[in-house]
Amino acid sequence: MAGRRRKNTDNPSATGPGALPAESLLPADFDLADLYGAHGSDDDEDQEDAAVLVPPVRLLPETELAAAALAVPLVQRAVRLARWSAPQRPVDELGDLLDADREEAARHLGLAPAEGEVAEEDVLEAMRAWSLASDLELVLLATGDDGHRVAAPSDELAPIEAGDPEAVLELWLTAADVVAELAVEIEPLDAEPDAGEDADEARAEELLAQYEEVQEEAAELLDEALQVLYEATAFAEPGQETMPLGVLAALLVVPDGEEPDEDMLGDITDVMVALDPMLADLAEIGLLDYQPIDPELFDEDEDGEGAELPDPSAPLDDEEAARFGLVRLTPLGQYGIRQWLLEEGYDAPLVGDLAQGDAEALLQGIAEAANVLPEQEIRVWLDGREPLAAARELLDAARGRDRIAPLRRMLCQLALTELGSPAEPAVREVLEDPELGGGARAWLVGQGHTDVVAPERQMVLWTMVDTFAAQLLDGEGDAELLRELIGGLPVTDNPASFFGELWRVDHPYTADVLEAVGELHLDRQVAKEARKAAFKARSKK
C-alpha cells in the first residue's frame, strides 16, 4: 500500500529570522494539518522530500480481530469448503470443482436448499469461496490414485478452524490482499474485448499498456482512499467513524483550504463512481462497512440524462446522504491497512506505544515523536496509576534545561490537567521550584484555587520564555497561534524596558523567543525592541 507524502506549509517562523536553530527542530514541530491533512503538495519534488506521517490508532485485541475475521462470510465459506473437500475432491486442471460438485458445494454452504434446483448465482458464490480457499492454500492440489487431479485440505486449516489468532489474521490479511488486487482490475473504457487474435502485435501491446495504466491508476486511487479513511478513523470520536463517499472523494480531489469549483465537482463525481465498486469488493472481506451509491441515482430522466451527484460540501439530511454512499473502516480494516503500511516500511504506531515506560520516557517520547496524539498517550500512561505518585513522577520528569525540556513541561501540565484535583498536593510541593513554580501556580489558578501567592518577577519572566519556547517546539512557530500569544504579552508603553528585562532571562530559548516576537508582533516599535533584545541575548552566550 502506497503511503502519501505531505509537504510542510510555508511558515514565517520556520524559515525567517525568528526560526529556531536547526538542531532544535523536532518532528513534533509540524502542525496537525501537515501531519494528518488529506492532501499533499502538487509539487512532486517537494512531496518526495516530505515525511510520510501516519497517525497512531487503537486496535482491538488479536483474539477479537481473529473472531471478526472468521465471521466474514467469504472467509467462513472458504474455510468450510476446505474442510468439505476432505479427504479429497476431484478438480479440473485449473483446480476448480467439477460440475458434479458445484451444486453440492452451494448446498453445503447453505446458499441453496438441500433439495431442488440450485440457482446459478448460488453456484457462482460457492465457486468464489472455493477459489479463495485455493488462493489461500487452504486446499492443495495433488494427483489422485487414478491419475486425475484432486484437492484436499492443507495442514494450515486446523489452526484456523481452532481460531488461533496469528494463523487466522495471517489468513485474513492474505485474503484481503487477494480481494484488493481483484478490486482494481478495471477494464479501460476503450478496450477491445474481441481484439485478441485479430489484433496486430502493435495494437495488442497498446491495449496491454492501456490496461496496465488503468490498473495502476485504480490501485493508486484505492490506496489514497484507504489511507484517508485510516487517518480519519484515527481522529474520529467513537461512533463518528462513518464518512459520506462524497466527503472521501472531496478529500482526494480538493486542495487544502480551497472550495470545490465546477471542474472539481466533476472530478469528485468521477472519483465517487470509480471508488464505488472497489469499496464494495473490500466490504466483502470485512475491511469496510460500505453502503454503495443508490443505482437509481444513475437512472436516466425523461431527457435521457442521468442524475448528477451532489456537491459534497452542500448540506444533506442523513437519509439523502446515505443514497450517495457511506463508508466506514472496520477495526479489522484498521488492522489490515496498518499491516500494509508496516510491510512497506512506514511507521504506523499504536496508541500507547510511548506509554510503556516511566514518566520521563513518556514526556520525552511524546516530545520527539512525529506522529502522536499526546492526550491519548497520557491517558494510557495514567490508567491504573496512583494519581498523586503519578503527578510527582511527572513533575520530576519535567525538570531540566535541555533543548526539549520546555515541551516536556507543557506536556506535564497537560497530564496534570488529566489527573485533576488529586494532583494538587504534588503541584503545591514545587511552587518554589525555579523551573516548575510558575507553571504550578498557573495550574492551581486554572483549577480554581484563589490562595496562590504571586511568583517573583524573575520566575514570571522565566516561565513566560519557557511557555513560548514550548509553543515554538510544539508547532514550529505556527504564525497565527504565536501572534495571538505575542499579542497578550504584558508589554508596557515602554517596550525597551520590558525587553531589557527579558533578554537577561537565563533560559536556553530566550533569544529564539525574542526573535519570534520581533518577527510576528504587529506593533513595529515592539517588534524592533524585541529584535534588539534578541541580538543582546545572542551576544550574551
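Of the listed requirements (1) closer than 30 Å to T330 by Cβ; (2) assigned to a strand (DSSP E or B), A152 misses just one: (1). Annotation: of all residues in region 129-150 being out of contact with any Gly (no Cβ under 6 Å at 6 or more places or on another chain) and of a type in the set (G, A, S), the one that is surrounded by the most Cβ atoms within 10 Å (Cβ to Cβ) is A133. Would region 417-424 turn up any residue that is over 26 Å from E519 (Cβ atoms), surrounded by 19 or more Cβ atoms within 10 Å (Cβ to Cβ), free of Cβ contacts under 8 Å to residues at least 60 places away in the same chain and not charged (D, E, K, R)? Within region 417-424 (the criterion being over 26 Å from E519 (Cβ atoms), surrounded by 19 or more Cβ atoms within 10 Å (Cβ to Cβ), free of Cβ contacts under 8 Å to residues at least 60 places away in the same chain and not charged (D, E, K, R)), the answer is yes, since at least one residue qualifies. Considering every residue within region 388-408, establish whether at least one is within 22 Å of the chain's Cα centre (by Cα) and not assigned by TED's automatic domain parsing to the domain that holds A225. The answer is no, given that none of the residues of region 388-408 is within 22 Å of the chain's Cα centre (by Cα) and not assigned by TED's automatic domain parsing to the domain that holds A225.
When residues of region 507-530 are filtered for being part of a loop (DSSP other than H, G, I, E, B) and either of a type in the set (S, T, N, Q) or within 16 Å of L481 (Cα to Cα) (or both), how many remain? Number satisfying all stated conditions: 2. The C-beta contact set for region 451-470 (first residue not assigned by TED's automatic domain parsing to the domain that holds D433, second residue part of a helix (DSSP H, G or I), distance under 9 angstrom, 6+ apart or interchain) is empty. Across region 436-464, the number of residues qualifying as part of a loop (DSSP other than H, G, I, E, B), surrounded by 13 or more Cβ atoms within 10 Å (Cβ to Cβ) and among the charged types (D, E, K, R) comes to 1. Flag not set for R483, criterion: in the same structural domain as T510 (by TED's automatic domain parsing), in contact with a Lys or Arg (Cβ under 9 Å, 6 or more places away or on another chain), basic (K, R) and assigned to a helix (DSSP H, G or I). From the list L332, L350, the one residue that fits, being closer than 17 Å to Q227 by Cβ, touching a Lys or Arg at 6+ places or on another chain (Cβ under 8 Å) and in contact (Cβ under 8 Å) with a residue 40 or more places away in the chain, is L350. Of T467, T417, all but one fail to be under 39 Å from the mean Cα position of the chain (by Cα), in a helix (DSSP H, G or I) and within 21 Å of R504 (Cβ to Cβ); the exception is T467. All of L373, L407, L461, L436 fail the test of being over 24 Å from L514 (Cβ atoms) and among the hydrophobic types (A, V, I, L, M, F, W, C), apart from L373. Going by the conditions given, is D267 assigned by TED's automatic domain parsing to the domain that holds G325 and without any contact (Cβ under 8 Å) to a residue 12 or more places away in the chain? No; evaluated as a whole, the condition is false for this residue.
Every residue, every condition in (1) surrounded by fewer than 21 Cβ atoms within 10 Å (Cβ to Cβ); (2) touching a Phe, Trp or Tyr at 6+ places or on another chain (Cβ under 9 Å); (3) assigned by TED's automatic domain parsing to the domain that holds G246, yes or no:
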site	(1), (2), (3)
E320	yes, no, yes
R323	yes, no, yes
V327	no, yes, yes
G333	no, yes, yes
G336	no, yes, yes
Q339	yes, no, yes
L350	yes, no, no
L354	no, yes, no
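In region 128-148, the residues that are closer than 14 Å to L171 by Cβ and free of Cβ contacts under 8 Å to residues at least 24 places away in the same chain form Cβ pairs under 6 Å with partners that are hydroxyl-bearing (S, T, Y) and surrounded by fewer than 22 Cβ atoms within 10 Å (Cβ to Cβ), at six or more places apart or across chains, as follows: E137/S154.
The values are calculated or read from the model by the stated rules, or taken from the named source; none is laboratory data. Keep in mind it's a predicted model, so treat the numbers as computed, not measured. So basically every Cβ, Gly included, is an ideal-geometry build from the backbone, and we count neighbours across all protein chains shown.
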